[in-house]
Ligand code: UDP
Ligand code: MG
């Protein structure tokens, strides 16, 4: 079934490298509507919880450190088929494998510092959106 909402974060490297505006523009130009958005910084506890599914992976510690190293932009996005279309817009996890025209191809530094997060399922999109936003912050 086509889905209509996904969740994203513009990660610390994207903000640090001055790509916030360009990435938001690509997202809007691709037809996503911003339903909620905030400029914030994750605490270590929040980053650990958000990436809990990767807790046993060797990169988990580094990932938590990186995701808490500076501010991020968190957002809920709406569009037909949002989860799949947004994963297509951001491209592969590793920018070396990301297609031309994708956000990660254009802006990611590396497989770890890869500019942007996109939910991988409807279920996770809802969980991740609720993790960051209260009902009165979603428009
Ligand atoms: N990551 C990493 N090394 C890896 C795989 C992933 O540092 O070998 C980081 C990277 O920032 C990635 C995040 O962990 O975006 C979550 O990994 P996942 O496999 O869920 O990739 P994504 O869904 O973000 O493409
Ligand atoms: Mg993932």
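The values are calculated or read from the model by the stated rules, or taken from the named source; none is laboratory data. Please read all numbers here as calculations on a predicted model, not as lab measurements. We place every Cβ from the backbone using ideal geometry, glycine too, and count neighbours over all the protein chains shown.
At a glance:
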| read-out | value |
| --- | --- |
| Tally, over the range 109-137, of residues that are out of contact with any strand residue (DSSP E or B) (no Cβ under 9 Å at 6 or more places or on another chain) and closer than 11 Å to residue 83 by Cβ | 3 |
| Any hit, the range 79-89, residues being part of a loop (DSSP other than H, G, I, E, B), farther than 24 Å from residue 122 by Cα and at pLDDT 95 or above | no |
| Qualifying residues in the range 108-123 (those that are touching a helix residue (DSSP H, G or I) at 6+ places or on another chain (Cβ under 9 Å) and without any contact (Cβ under 8 Å) to a residue 24 or more places away in the chain) - the one surrounded by the fewest Cβ atoms within 10 Å (Cβ to Cβ) | 110 |
| Test set (1) in a loop (DSSP other than H, G, I, E, B); (2) under 14 Å from residue 11 (Cβ atoms); (3) away from ligand 2 (no atom under 15 Å from the Cβ) - residue 24 fails condition number | (1) |
| Residue within the range 83-95 that is surrounded by fewer than 20 Cβ atoms within 10 Å (Cβ to Cβ), without any contact (Cβ under 8 Å) to a residue 24 or more places away in the chain and in contact with a helix residue (DSSP H, G or I) (Cβ under 7 Å, 6 or more places away or on another chain) present | yes |
